[in-house]
Amino acid sequence: MILNQFLILAALLFCMGVYGLLVRRNAVMVLLSVELMLAAVNINLVALDALWQTAEALGQIMAVFIITIAAAEVGIGLAIILLIFRNRRSANVDELNLMRW
Amino acid sequence: MDLLESWALSLIVFLPLVGALVALAIPKEREEAVKQWTLLVSVVTLILAVVVAARFDFGAAAGFQFEVDVPWISAIGANYHIGIDGISLPLLVLSALVVVLCVIYSWQHWDEPRNPRAFLILMMILATGMNGTFVALDLVLFFIFFELVLLPMYFMIGIWGDRTMRKIPGFRKEVETRLYAAIKFFIFTLFGSAFMLLGFLALYFKSGSGGQQSTFDIPELIARGHLFEGTFAWLVFGAMFLGFAVKVPMWPFHTWLPDAHTAAPTVGSVLLAAILLKLGSYAFIRIAIPILPDTARDWAPAIAVLAVIGIIYGSLACLAQTDVKRLIAFSSVGHMGFVMLGIATLTEVGINAAIIGMVAHGLITGLLFFLAGSIHHRYHTREMSRLGGNLKLMPVMGGILGFTAMASLGLPGLAGFWGEFMALLGSYQPLPGLSTSFFRTAMVIGAIGTVLTAGYMLWMLQKVNLGEPSSEWAGKEFQDVDRYEMAAWAPLIVLIVAVGVYPRLVLGATTDAVVGLVETAFRAVGG
Amino acid sequence: MTRIDWLAIAPEVVVAAALLVVLAVDLFLPRERKYWVAALAVVGTTLAMVPVILMAVSGDNYSMFGGSYVVDDFALVLKGVFLVAGYLVLLISVSYIESDRYYQGEYYLLLLSSLLGSMVLTSARDLVVLFVALELTTGPLFLLAGWRKGDLRSNEASLKFFIIGVLSTGLMLYGMSLLFGLTGELSFEGIREAISTGGMASEPVLGLAVLLILVGFGFKVSAVPFHFWAPDTYQGSPPPVTAYLSVSSKLAGFVAMLAVIYLALPAATDFWGPALWLMAAVSMTVANLSALRQSHLIRLLAYSSVAQAGFMLVPFAGGAIAENGLSEGLGATVIYLVIYAVMNLGAFAVVIAGGRRIGSYEIADWRGLGSYSPRLGVMLAVFFLSLAGLPPLAGWFAKFVMFRAVLISTGPAGVWLAVIAAVNAVVAFYYYARVVKSAWFDQAPDEIPEDTETGPTGPLSLAMGIALVVVLVVGVFPGLATFFGDAAAALVP
């Protein structure tokens, strides 16, 4: 069935996203990784919706909500990153170590 | 007089708390007013306790009187159930009395940093906790009062306690004694009571297994004792044992006691010794044994062993002390060992011994701590090597110290005798089913303990009271016992003699209740 | 079909209206009159209580949008709690925010948005509403954490919180998409029925979905091992925001978790039971041990809040083990949440008040507080010891119901968790007591910090007063708190 390919693609994208989020040092790349994760979720939802053929297109509705909120989230994220870049001339996540234990 | 019936106990419990709240409203500067007010409150509480004792029907001491049972936290089935029987009556009166004496004593004796208002407020909260524990007949209520005692004592030790620096093993820097003692006291007790609470909850859920409503009610749980058996009962008893044994304290959970007693301000030590230590052993008699009699029988030998170790250990440790107050603190470990030995026999004689031993220890050790405080107040040291010739410098105080030490070592005719004697008597013939030879061995070791007790008490007397004053004190004027001290101590002295000569003063109330307890707990099971 | 019951959504409408008014009014107010914004926000939250109380009195249930949005006892009780918590946080914030004279309007706007999100959350009965509400709750908090724009620590707090927040959202969403794939449903009820009719309770994919969702919630409630952002974010954020984070945002995570677990996944106990058991045990232990070494008050409170999250998870684990444990567990968690919210906000109020006077959050600098400011000293002792769970302060009852909920099953798993919790309760006491010790037992510094507060102190004192009264009264008459638990427990199907 065609479904499996979508699910595998989503799983791969999701893993890439998580990996990127954990190891990437540049905050912008971290943000992109987040987008990757959310995209994986959307693919999953749309594909599974096609499987279930729900009357209200539940999966697609959810995907639309996720896209909307992800946009807002990225806005917030970019604002924070911009602020940090302005204050310390770098957007490197590793350098954020003022507070430890 | 039905009003008295239903309200007397609640008043005894909560009057001090109300008094504390009112005292909060009195300006801090008006120390005299605060003192007079707390004295008034505590005296009224004592009068109420005496009235309750007078109206107590000694013919029916086995049952609960002055009972109140109203819903409190209905969602969890906890009730405000209070009442007294012959077992709790003497302890309740003792508690009310000691609080009054402490207020009187502290009239002129303040440890740094003074602040009488805060101190007296804490003392009143403490009184509520102590009185409440002795009348509570609901496990949740009991738990609350049992814990309520901790906070005021923690602050008393921590704020007014001993400020000398001490090297504590395991700490890099020297620590002030009071800080170490306060937290140690608290952590130990809290650790025990956390497990005690788990035990209570387990009892609660198990009590519903007979198809009835689950309950926290102590008399009800006693009636449903047959539901608790096997491993379950063994574990629950163990959990409660942890809670109570820390409070008693039994060896090896006693290590907080010498520190707390030594560091606490005089009045704090008196309250700790006279009342707080009784909460644990009282809980054994009130809760652990009647609800889980069969398991208590399994545990009895273990308790007896720990009790005997406590007796011997306490006595030997006393001989190693150089500080008068610490010596008295260790002597408490020994005396509470006798109390627990009495309880471990699970007989009428033994449990009676435990109660009279508790009362006697409250009177005697309370007085000893008062004396230690006053000695420290005069000499500014408690080191026995520096003291000496006290009898010459302060004849009255020396005399009282001699008298109290004699009472403490169990001189016949004074209060301390009965507890030790009867505990040993009880272990000669423990409850059928318990190994007689085992308990007779315990009895012999306990008897050796009494000799050791006599030994260290006399040694202490010789060091502190007898001989010539050292050159350090020669030629100095010391104020002998002042009138506040006299007022606080005289009732204790009178009671020590009275209980010693006429033990029925206590036993008259307790015997029927104890017989009833042992009957229902053990006869029915066919012991 | 799509009839909208205006009374049922009135609380949210009021808060949303207050939010818009705040935004508009802020534009027209001159700098020195900005405190009117705060007053408006306070009035808004107070007004929103009215419909909540009306509905609670009438006792009706409302269901809207095809059952996605439900106002029942559970929702009402928690809406009330969120409103009170929000109200207290607003009071706590006033003097702090006012003293900086800096983006006041935005502060209240964001706070109200987050409050709105958590109120919607209580009514969410399908995954879409739940997700949107949860994001509305946390989104503004990312910005609030970085509210002190010039402060590097605040920046750092904000970014760490953001990254962890979106990571958790991603994991949770992936889990939700799997759940949707398995059942073809988004509503909790549909998912529950699909799982039971399809016999999918032990499907491995369900396990994966449940675990991913739990990981997501774990971040939100800051349970170990998903807690490491909490201390940094708490320390870096402005203290009133931290107060809000540690209460409302944690509460929101728990509410979402309660709804999903008890409404959608009650059959999957085999998956979430052990996972939450482990999370509870590890959270308590690790957080308590870490808290022992903290010297910074707010970091201490951060670890304390992680540990408290562990305690709150205990009833869940109990619910999975015992037969009738679900409703017991739900009631216990809600009671714990309610009491925790009040005492923790009280503790933060004292810390903020003291911090403004002392100018430091190092515990050592607070020595002798009781001697020069007995009022703050007493409050500090009351709230911290209540957090430690000492009777007769309200915290004891929270601990009590927690133990009760897990001991309802007499199996070894429940007993062991209870024992771990008991030991942890004692350990926790040690670090709470250290703060009390510093304030009461230690000698005051030679230079006693002067009271230099210039801003309005009334609101902060009011917040402390309210919390104090609640902590004392609930401690003595815990029956008042069981009302919340009983109302909430009705949720369990």
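The values are calculated or read from the model by the stated rules, or taken from the named source; none is laboratory data. This is a predicted model, so every value here is computed, not measured. We place every Cβ from the backbone using ideal geometry, glycine too, and count neighbours over all the protein chains shown.
What do you reckon, is C:Ala413 small (Gly, Ala, Ser) and either buried (at least 24 other Cβ atoms within 10 Å of the Cβ) or in contact with a strand residue (DSSP E or B) (Cβ under 9 Å, 6 or more places away or on another chain) (or both)? Walk me through it before giving the result.
Details: small (Gly, Ala, Ser): yes; either buried (at least 24 other Cβ atoms within 10 Å of the Cβ) or in contact with a strand residue (DSSP E or B) (Cβ under 9 Å, 6 or more places away or on another chain) (or both): no.
Against the criterion (small (Gly, Ala, Ser) and either buried (at least 24 other Cβ atoms within 10 Å of the Cβ) or in contact with a strand residue (DSSP E or B) (Cβ under 9 Å, 6 or more places away or on another chain) (or both)), C:Ala413 does not qualify.
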Exercise for the section: May I ask you to list the residues in segment C:407-425 that are more than 9 Å from chain B (Cβ to nearest Cβ) and among the hydrophobic types (A, V, I, L, M, F, W, C)? Expected result: C:Ala413, C:Trp416, C:Leu417, C:Ile420
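With touching a residue at least 40 places away in the same chain (Cβ under 8 Å), touching a Ser or Thr at 6+ places or on another chain (Cβ under 8 Å) and within 22 Å of C:Ile97 (Cα to Cα) as the only criterion, which of C:Ala223, C:Ala157 stands out? Don't jump to the end; show me each part of the working.
Numbers: C:Ala223 fails: within 22 Å of C:Ile97 (Cα to Cα).
Result: C:Ala157 is the single residue among C:Ala223, C:Ala157 that is touching a residue at least 40 places away in the same chain (Cβ under 8 Å), touching a Ser or Thr at 6+ places or on another chain (Cβ under 8 Å) and within 22 Å of C:Ile97 (Cα to Cα).
Go through segment C:269-377 and tell me which helices (runs of 4 or more DSSP H), entirely inside it, have 2 or more residues that are surrounded by fewer than 24 Cβ atoms within 10 Å (Cβ to Cβ) and at pLDDT below 90. Before the answer, list the steps.
On the way: elements: C:269-292, C:297-321, C:325-358, C:369-372.
It comes to C:269-292, C:325-358, C:369-372.
Of all the helices (runs of 4 or more DSSP H) wholly in segment B:102-213, which have at least 1 residues that are modelled with pLDDT of 85 or more and more than 14 Å from every other protein chain (Cβ to nearest Cβ)? Break it down stepwise before answering.
On the way: elements: B:116-135, B:139-148, B:150-160, B:177-207.
Once the helices (runs of 4 or more DSSP H) in segment B:102-213 are filtered for at least 1 residues that are modelled with pLDDT of 85 or more and more than 14 Å from every other protein chain (Cβ to nearest Cβ), what remains is B:116-135.
Matching residues to (1) over 25 Å from A:Ile67 (Cα atoms); (2) among the aliphatic types (A, V, I, L, M); (3) surrounded by 24 or more Cβ atoms within 10 Å (Cβ to Cβ):
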{"residue": "C:Ile164", "(1), (2), (3)": "no, yes, no"}
{"residue": "C:Leu211", "(1), (2), (3)": "no, yes, no"}
{"residue": "C:Phe217", "(1), (2), (3)": "no, no, yes"}
{"residue": "C:Lys220", "(1), (2), (3)": "no, no, yes"}
{"residue": "C:Val247", "(1), (2), (3)": "yes, yes, yes"}
{"residue": "C:Leu263", "(1), (2), (3)": "yes, yes, no"}
Practice task
May I ask you to verify whether C:Ile164 is part of a helix (DSSP H, G or I) and either in contact with a strand residue (DSSP E or B) (Cβ under 6 Å, 6 or more places away or on another chain) or within 12 Å of chain A (Cβ to nearest Cβ) (or both)?
Solution key: yes
Practice task
Go through (1) buried (at least 17 other Cβ atoms within 10 Å of the Cβ); (2) of a type in the set (A, V, I, L, M, F, W, C); (3) more than 10 Å from chain C (Cβ to nearest Cβ) one by one and return the number of the condition A:Ala91 breaks.
Solution key: (3)
Problem - Number of positions in segment C:225-263 that are under 16 Å from C:Ser114 (Cβ atoms), assigned to a loop (DSSP other than H, G, I, E, B) and not small (Gly, Ala, Ser) - result: 1
Exercise for the section: Tell me which of these A:Ala47 doesn't satisfy, since it passes every other one: (1) more than 16 Å from C:Phe131 (Cβ to Cβ); (2) in contact (Cβ under 8 Å) with a residue 24 or more places away in the chain; (3) facing chain C (nearest Cβ under 7 Å). Expected result: (3)
Exercise for the section: Name the one entry in C:Leu83, C:Leu54 that is surrounded by 18 or more Cβ atoms within 10 Å (Cβ to Cβ) and either hydrophobic (A, V, I, L, M, F, W, C) or assigned to a loop (DSSP other than H, G, I, E, B) (or both). Expected result: C:Leu83
Problem - Flag for B:Gly86 being in a loop (DSSP other than H, G, I, E, B), in contact with a helix residue (DSSP H, G or I) (Cβ under 9 Å, 6 or more places away or on another chain), at negative phi and surrounded by 24 or more Cβ atoms within 10 Å (Cβ to Cβ) - result: yes
Exercise for the section: Considering every residue within segment C:137-149, establish whether at least one is at pLDDT 90 or above and over 17 Å from the mean Cα position of the chain (by Cα). Expected result: yes
Practice task
Can you give me the number of residues within segment B:214-232 that are within 16 Å of B:Leu139 (Cα to Cα) and in a helix (DSSP H, G or I)?
Solution key: 7
Problem - Residue, surrounded by the most Cβ atoms within 10 Å (Cβ to Cβ), within segment C:128-161, restricted to residues that are of a type outside the set (Lys, Arg) and outside any helix (DSSP H, G or I) - result: C:Gly146
Completion exercise
Among the residues of segment C:426-446, the number that are surrounded by fewer than 20 Cβ atoms within 10 Å (Cβ to Cβ), facing chain B (nearest Cβ under 10 Å) and not in a helix (DSSP H, G or I) is 2
Handout entry: Residues that are of a type in the set (Val, Ile, Thr) and more than 9 Å from chain B (Cβ to nearest Cβ), drawn from segment C:381-405
Key = C:Val382
Practice task
Determine if segment C:217-224 includes at least one residue that is assigned to a helix (DSSP H, G or I), closer than 24 Å to A:Val41 by Cα and within 14 Å of another protein chain (Cβ to nearest Cβ).
Solution key: yes
Handout entry: Answer residue from segment B:160-177, given it is among the hydrophobic types (A, V, I, L, M, F, W, C) and surrounded by fewer than 22 Cβ atoms within 10 Å (Cβ to Cβ) and is farthest from B:Ala263 (Cα to Cα) among those
Key = B:Phe171
Handout entry: Condition check for C:Pro449: more than 9 Å from chain B (Cβ to nearest Cβ), assigned to a loop (DSSP other than H, G, I, E, B) and more than 16 Å from B:Phe186 (Cβ to Cβ)
Key = yes
Fill in the blank from the handout: Inside segment C:108-161, the number of residues satisfying the requirement of being more than 11 Å from chain A (Cβ to nearest Cβ) and polar (S, T, N, Q) is 6
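Looking only at residues that are in contact with a helix residue (DSSP H, G or I) (Cβ under 7 Å, 6 or more places away or on another chain) and of a type in the set (Gly, Ala, Ser) in segment C:360-372, which one is farthest from the other protein chains (Cβ to nearest Cβ)? Please lay out each step first, then the result.
Initially, segment C:360-372 is screened for residues in contact with a helix residue (DSSP H, G or I) (Cβ under 7 Å, 6 or more places away or on another chain), giving C:361, C:363-367, C:369-370.
Within this subset, residues satisfying the condition of being of a type in the set (Gly, Ala, Ser) are C:364, C:370.
On the way: C:Ala364: 13, C:Gly370: 8 Å.
Restricting to residues being in contact with a helix residue (DSSP H, G or I) (Cβ under 7 Å, 6 or more places away or on another chain) and of a type in the set (Gly, Ala, Ser), the top hit is C:Ala364.
Report yes if A:Leu32 is hydrophobic (A, V, I, L, M, F, W, C), within 8 Å of chain C (Cβ to nearest Cβ) and in a helix (DSSP H, G or I), otherwise no. Outline the logic, then answer.
Numbers: hydrophobic (A, V, I, L, M, F, W, C): yes; within 8 Å of chain C (Cβ to nearest Cβ): no; in a helix (DSSP H, G or I): yes.
Taking the combined requirement at face value, the residue does not satisfy it.
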Practice task
Can you work out which of the residues in segment C:169-193 that are surrounded by fewer than 22 Cβ atoms within 10 Å (Cβ to Cβ) and assigned to a helix (DSSP H, G or I) is nearest to the other protein chains (Cβ to nearest Cβ)?
Solution key: C:Gly181
Exercise for the section: Report yes if some residue within segment C:237-247 is touching a residue at least 60 places away in the same chain (Cβ under 8 Å), within 20 Å of the chain's Cα centre (by Cα) and more than 27 Å from C:Lys149 (Cβ to Cβ); otherwise report no. Expected result: no
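Looking at B:Gly475, B:Gly508, which is the one that is farther than 22 Å from B:Val333 by Cα, part of a loop (DSSP other than H, G, I, E, B) and modelled with pLDDT under 90?
Exactly one of B:Gly475, B:Gly508 is farther than 22 Å from B:Val333 by Cα, part of a loop (DSSP other than H, G, I, E, B) and modelled with pLDDT under 90, namely B:Gly475.
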Problem - Residue check, B:Asp85 acidic (Asp, Glu) and either without any contact (Cβ under 8 Å) to a residue 40 or more places away in the chain or closer than 25 Å to B:Ile493 by Cα (or both) - result: no
Practice task
Kindly check whether there is at least one residue in segment A:70-80 that is over 15 Å from the mean Cα position of the chain (by Cα), at the interface with chain C (Cβ under 9 Å from one of its Cβ atoms) and surrounded by 21 or more Cβ atoms within 10 Å (Cβ to Cβ).
Solution key: yes
